[in-house]
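The values are calculated or read from the model by the stated rules, or taken from the named source; none is laboratory data. What you see is a predicted model; the values in this text were computed from it and never measured. Counting neighbours? That spans all protein chains shown, and the Cβs are built from the backbone with ideal geometry, glycine included.
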Amino acid sequence: MAEAQALADREPTENEIKLVIGASSAGTVFEWYDFFIYGTLAYILKDAFYDVDDPTLGLLLVWSTFAVGFAFRPIGAILFGFLGDRLGRKYTFLVTVTLMGIATAGVGLIPTVDQVGVVAPIIVIFLRVIQGLALGGEYGGAAIYVAEHAPPEKRGFYTSFIQASVAGGFVLSIVVVLACRAIIPEDDFNAWGWRVPFLLSIFLLAISLWMRFKLSESPVFKAMKEAGETSGNPFVESFTYPGNPKRIFVALFGVAGILTTIWYTAFFSSLSFLKGDMRLDELTVELILLAAGLISLGFYLIVGKWSDRVGRKKPIIIGALATLVLLFPIFWTMGSLANPALAEASERSPVVVSGTQCVTDPFAELLDREPTDCGKVLGSLIASGVSYSVVESDTLGVTVAGEPVEIADEWLSNGPARSEGLQAALTPYGFDFERQVPPLLNIIGIIAMLLVLGVLSALTYGSVAALLSEMFPPKIRYSSMSIPYHIGAGYLGGFLPLISGIIVASTGNVYSGLWYTWVVVAFGVVIAWWGLPDGPPTDFSDDIHP
């Protein structure tokens, strides 16, 4: 039975559509809240679960564990995609939301590394694996469920609520953290209060399940099941169905690769950049991201509706090309507004490090490897948000504006002393290492830059649920769209904070990590231009989707 006929046989009422969108979006907000709360609290979790002296290493370990969840998303996509195409859309994403809620609440119950040692990060990794598996099945199920209820002429608008819900999960994570910080004293929050946002997942899970149990199965899946047209093996057919390998390739690099790197750069790279490199007050950063995130939610809906008229390809291409032009200027502007003294001092008084084997080794402590003296100095400068250049020399030295800095013997054996000493030496040259609260106009400027990133994200993400639903045949749709989406989001996007952090740690330039996003988007826009269909949106047909 054709998809169009199935929809014609049973057109959902307006109230049914509202319930479908509301329940699917609420569940998506909840699942992404669970996933993002880990990233939002990264600066606390590095001390709770990892016993390392190097702050850069601690943060990289947190992002490594964050990436583990993403690494398992494609496996979740295969597993739950199979179940979604075989058993139905509704019950599959009931399972995924339950797994996510239990795993997230579990993070809030893990003893710290001081209490149980290495067992703590092992448990965290296990729960992140469960989260990744669950999230691998969630997005495809929610997106397809809404798309298969929506009339074709409104599919982009209705499914854009799912895209906005992903950003909504990030916003909710910030709201909950801010509320907890307001209620719990700072020292207590850092000691135990960070657990509360994780434990709240139990209540959010109950609400999400209540809403989703009220839903009925997708009309498209019911029609296929009644006609006996469901797939025997959705995973195999996803790679053997005529034209599907090309569609999966395009969906992976020309859609998921673009949207996910832009999205994580807009939200997570900016979070890490402002809190870490620019040394902004943590509460100020969270309020800035909350304001930008709330306003950005509407952009996804606007782009989704626009795509119903102009097609799905045009917004993605425009957003990707604009990202290539604007990415670095946006972050340069944010840096100059967030910590003007640091930005001006770096330009006016350049820091030059000289020595032998002047390369950073961020994982040296973890691998029980002794970094070089020059590498230790570079690591401390990176952790302080200071850009530098390196000159090969037989002796270790640091100069600021051409003036030498005296390196104490203690610096080479004591990380905290090294960081404090370097910061004290740089402060007279205008470097300000205190936590910053910029003037109001600067804060408004930072929010404006984040909103530009929000627009770029919306252009490349707002219509994607509709696009991917239209790209693949109904009987293998759950698997076919979930596999490339979660490989792209899991590896190209999920590893972005870790890869960018390693690039910055290796180069000493706080902006160098952006090159990862730029390269992935540049490659993706070529694939999207070549592989995405032009013109107004159309339902899947073998005639028009070779």
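Note down all Cβ pairs under 9 Å where the first residue falls in region 93-115 and is in contact (Cβ under 8 Å) with a residue 60 or more places away in the chain, the second is surrounded by fewer than 18 Cβ atoms within 10 Å (Cβ to Cβ) and not in a helix (DSSP H, G or I), and they're at least six residues apart or on different chains.
These pairs meet every condition: Val113/Asp51; Asp114/Asp51.
Which ranges mark the helices (runs of 4 or more DSSP H) fully within region 94-209 that have 3 or more residues being in the same structural domain as Ala223 (by TED's automatic domain parsing), among the β-branched types (Val, Ile, Thr) and surrounded by 20 or more Cβ atoms within 10 Å (Cβ to Cβ)?
Of the helices (runs of 4 or more DSSP H) lying wholly inside region 94-209, those with at least 3 residues that are in the same structural domain as Ala223 (by TED's automatic domain parsing), among the β-branched types (Val, Ile, Thr) and surrounded by 20 or more Cβ atoms within 10 Å (Cβ to Cβ) span 119-149, 155-183.
Return the only residue of Ser512, Ser469 being surrounded by 24 or more Cβ atoms within 10 Å (Cβ to Cβ) and among the hydroxyl-bearing types (Ser, Thr, Tyr).
The unique qualifying residue is Ser469.
Being touching a Ser or Thr at 6+ places or on another chain (Cβ under 7 Å) and modelled with pLDDT of 90 or more narrows it down to one residue among Ile262, Ile295, Ile302, Ile288; which is it?
Going through Ile262, Ile295, Ile302, Ile288 in turn, the sole match is Ile262.
Considering region 413-445 alone, what residues qualify as being surrounded by fewer than 17 Cβ atoms within 10 Å (Cβ to Cβ), β-branched (Val, Ile, Thr) and either under 31 Å from the mean Cα position of the chain (by Cα) or under 23 Å from Leu290 (Cβ atoms) (or both)?
Of everything in region 413-445, those that are surrounded by fewer than 17 Cβ atoms within 10 Å (Cβ to Cβ), β-branched (Val, Ile, Thr) and either under 31 Å from the mean Cα position of the chain (by Cα) or under 23 Å from Leu290 (Cβ atoms) (or both) turn out to be Val437, Ile444.
Mind listing whichever residues of region 307-319 are surrounded by fewer than 19 Cβ atoms within 10 Å (Cβ to Cβ) and over 23 Å from the mean Cα position of the chain (by Cα)?
Of everything in region 307-319, those that are surrounded by fewer than 19 Cβ atoms within 10 Å (Cβ to Cβ) and over 23 Å from the mean Cα position of the chain (by Cα) turn out to be Arg309, Val310, Lys314.
Of all residues in region 287-300, how many are within 15 Å of Ala338 (Cβ to Cβ) and either in contact with a Cys (Cβ under 8 Å, 6 or more places away or on another chain) or crowded, with 21+ Cβ neighbours inside 10 Å (or both)?
Total satisfying the criteria: 3.
Among Ile487, Ile503, which is assigned to a helix (DSSP H, G or I) and without any contact (Cβ under 8 Å) to a residue 60 or more places away in the chain?
Ile503
Can you tell me which residue in region 1-44 is modelled with the lowest pLDDT, limited to those that are in a loop (DSSP other than H, G, I, E, B) and farther than 30 Å from Arg128 by Cβ?
Met1
State all residues of region 403-417 that are farther than 21 Å from Lys275 by Cα and of a type outside the set (A, V, I, L, M); if no residue qualifies, say none.
Glu403, Pro404, Glu406, Asp409, Glu410, Trp411, Ser413, Asn414
Test Ile476 against the stated conditions and say whether it is closer than 30 Å to Val386 by Cα and in a helix (DSSP H, G or I).
no
With respect to Leu378, is the statement that it is modelled with pLDDT of 80 or more, buried (at least 18 other Cβ atoms within 10 Å of the Cβ) and in the same structural domain as Gly421 (by TED's automatic domain parsing) true?
So Leu378 fits the description; yes.
Looking only at region 506-538, count every residue that is assigned to a loop (DSSP other than H, G, I, E, B) and more than 29 Å from Leu342 (Cβ to Cβ) and tell me the total.
So the answer is 7.
Looking at the structure I just gave you, is Ser479 in contact with a helix residue (DSSP H, G or I) (Cβ under 7 Å, 6 or more places away or on another chain), within 24 Å of Trp306 (Cα to Cα) and either free of Cβ contacts under 8 Å to residues at least 60 places away in the same chain or not acidic (Asp, Glu) (or both)?
The answer is no for Ser479.
Which numbered condition in (1) hydroxyl-bearing (Ser, Thr, Tyr); (2) touching a helix residue (DSSP H, G or I) at 6+ places or on another chain (Cβ under 7 Å); (3) surrounded by fewer than 15 Cβ atoms within 10 Å (Cβ to Cβ) is the only one that Thr395 fails?
Only one criterion is unmet by Thr395, namely (2).
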